[in-house]
Amino acid sequence: MGYSEFIKSLGLPNWVTKNIVTSLSRVILTATEIPVSKLQNKVERIKLIGEIERQSVRVAFDKVSDRINSDSTVAEQILERYGLKIIEEQINKESIAQKTLEFLGDISIPTEEPKQDITTDWLTAFWNFGATKSDDEMQQIMGKILANEIISPGKFSAYTLQALTVLDSDVGNSFKRLCNLSIEDSDITYVIHP
């Protein structure tokens with residue numbers, strides 16, 4: 001079952017489906033929910049950006065190659081590492097997207113549509129951070145955050161995302177334990193010392 005079929009099988013309200021598509025369209029293109037003209041425009045834009053990136057990489061390759069006295073093996077290794085980095089980042093993003101969809105199937109969805117949408121800046125920051133997270137536990141945390149942001153946009157601030165950039169799974173688990181030891185009362189949060 002593909003992502004599109006899975007999303008539809010969840011039986012979620014239209015606004016949640018829209019937020020899912022908005023959130024995951026940077027990672028996984030769900031063509032069935034995008035009008036053909038919009039999809040064609042997106043494809044053309046992707047092709048143009050790809051061509052610009054290829055030209056930029058070629059120029060960079062030529063400059064590096066010139067700098068290392070025509071020893072192209074070093075330049076080729078650099079390009080290979082860059083390609084592997086892009087592949088690893090895409091794998092990380094797709095893993096987080098899959099976990100997000102799984103969490104959406106398990107959490108309760110509010111009946112009322114939120115007053116705000118997920119912002120492009122928030123999603124850009126999220127996917128930039130998510131691209132670097134290969135640890136399964138961190139991907140689980142990222143998936144939960146995105147699932148909650150999909151149903152309640154604005155729930156997690158950009159500062160929370162910034163904190164995620166320095167977390168590994170050990171620090172993340174310690175933070176999770178700390179959060180479980182806190183009590184919110186109106187605008188004040190109390191932390192219970194264990």
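What to note about this one:
- For the cross-link pairs K63/K133; K93/K115; K63/K85, the ones whose C-alpha atoms lie over 25 Å apart are K63/K133; K93/K115.
- Accessible surface area normalised per residue over the range 112-170 is 53 Å², counting heavy atoms of protein chains with a 1.4 Å rolling probe.
- The HN-Hα couplings worked out from phi for the range 92-100 by the Karplus form 6.51 cos²θ - 1.76 cosθ + 1.60 (θ = phi - 60°) are 4, 4, 5, 5, 5, 4, 4, 5, 4 Hz, whole numbers, x standing for Gly and Pro.
- Residue order for K93, K85 - accessible surface, 1.4 angstrom probe, largest first: K85, K93
- A protection proxy built from the mean count of other Cβ atoms within 10 Å ranks the segments 130-137, 165-172, 111-118, most packed first, as 130-137, 165-172, 111-118.
- By accessible area with a 1.4 Å probe, ligands and nucleic acids excluded, highest first: order of L181, L48: L48, L181
The values are calculated or read from the model by the stated rules, or taken from the named source; none is laboratory data. The structure displayed is predicted, hence computed values, not measured ones. When we count neighbours, we look across all protein chains shown, and the Cβ atoms used for this are built from the backbone with ideal geometry, even at glycine. SASA here: full protein model, heavy atoms, side chains in, ligands and nucleic acids out. Shrake-Rupley method; radii C 1.70, N 1.55, O 1.52, S 1.80 Å.
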